[in-house]
1. Using only Cα atoms, what Kirkwood radius does the stretch 9-145 have, in angstroms?
2. Among K79, K106, K201, which comes first, second and so on when ranked by fewest other beta-carbon atoms within 10 Å?
3. If the reach is capped at under 26 angstrom between alpha carbons, list the lysines near K130, excluding any in the same chain fewer than eight residues apart.
4. Let me spell out the model: positive unit charges on the Cβ of Lys and Arg, negative unit charges on the Cβ of Asp and Glu, origin at the Cα centre of the chain. What dipole size does that give, in debye rounded to 20?
5. Say the dipole of the chain comes from +1 at the beta carbon of Lys and Arg and -1 at that of Asp and Glu; which of G38, T209, A20 then lies farthest toward its positive end?
6. Among bridges DSSP assigns within the chain, what percent are antiparallel (round to 5)?
7. Of L155, H115, I55, which is farthest along the charge dipole of the chain in the positive direction, counting Lys and Arg as +1 and Asp and Glu as -1 at C-beta?
8. Would you please name the GluC sites (Glu not before Pro) within the stretch 33-129 that are DSSP coil residues with at most 12 other C-beta atoms within 10 Å of their C-beta?
Amino acid sequence: MSIRVMLADDHAVVRDGIKAIVAKKGDGIEVVGEAGDGKELLALAETTPADIYIIDISMPNLNGLEATERLLKRDAKTKVIILSMHDDRAFVEKALKVGAKGYLLKESAPEELIHAIREVWMDRFFLSPKISRYVVQGFLGTNQPRNQQRKTTNLTDREKEILRLISEGSTAKEIAHQLRISVNTVGVHRNNIMRKLDIHKQAELIRYTLKEGISSL
């Protein structure tokens, strides 16, 4: 019996790459469906259920973490492998917390993808070797010392809202349109957020929103 796999990624070239790997190296593995976003995945999963769902963490309409949560609410036995370009600890921990059984980096070798599918199908966890250290660190209690952790800063509700939108990939123009404010005002809020948090990189902003529960992605 073949392992039925469904893909969800908003980039067709990524889905095509995975299908090519499965076709070439995945004996006994079959791709039964593909979706371009989280909502499309949920709809497809109702009509064409799979054994394993390989889900991109960053997708429009409904991101991979939210889609994973909804799939697991439907069926707690659902097996999900999160696919991501992010090797940050916050992403890994969030993915495992929502119920994913695997976390695979997009830079992974083809053999690693096939191995991940087989491991998760056997109801085991799989993490790319590059990020498995986070689980070990958590088990050993080797988190950052308190004095090295970023101090939580109280942001205004509007700043949290803008931070959430920034972390989810919205442009300043899109944020301005959604909140009915000027692009310049968005820029002012962004600068204030970065100054308060002492964060100046997009990846660190995303990490902060996950840690503080401001955004699910």
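None of the figures in this text is laboratory data; all of them are computed from the coordinates on show. Quick caveat, the model's predicted, so the values are computed rather than measured. Using ideal geometry, Cβ is built from the backbone for each residue, glycine included, and neighbour counts are taken over all protein chains shown.
1. Details: mean 1/r = 0.0660 Å⁻¹.
Answer for the stretch 9-145: a Kirkwood hydrodynamic radius of 15.2 Å.
2. Numbers: K79 23, K106 18, K201 9.
Exposure proxy ranking, most exposed first: K201, K106, K79.
3. Within reach: K19, K24, K25, K79, K94, K97, K101, K106, K201, K211.
4. Working: 34 positive and 30 negative charges, 174 e Å.
Roughly 840 debye for the chain.
5. After comparing all options, I get T209.
6. Working: 0 of 21 bridges.
Bridges in the chain that DSSP calls antiparallel: roughly 0 percent.
7. Projecting each Cα onto the dipole axis, the largest value belongs to L155.
8. Working: sites: E34, E40, E46, E66, E69, E93, E107, E111, E112, E119; in loops: E107.
Passing both the DSSP loop test and the Cβ count: E107.
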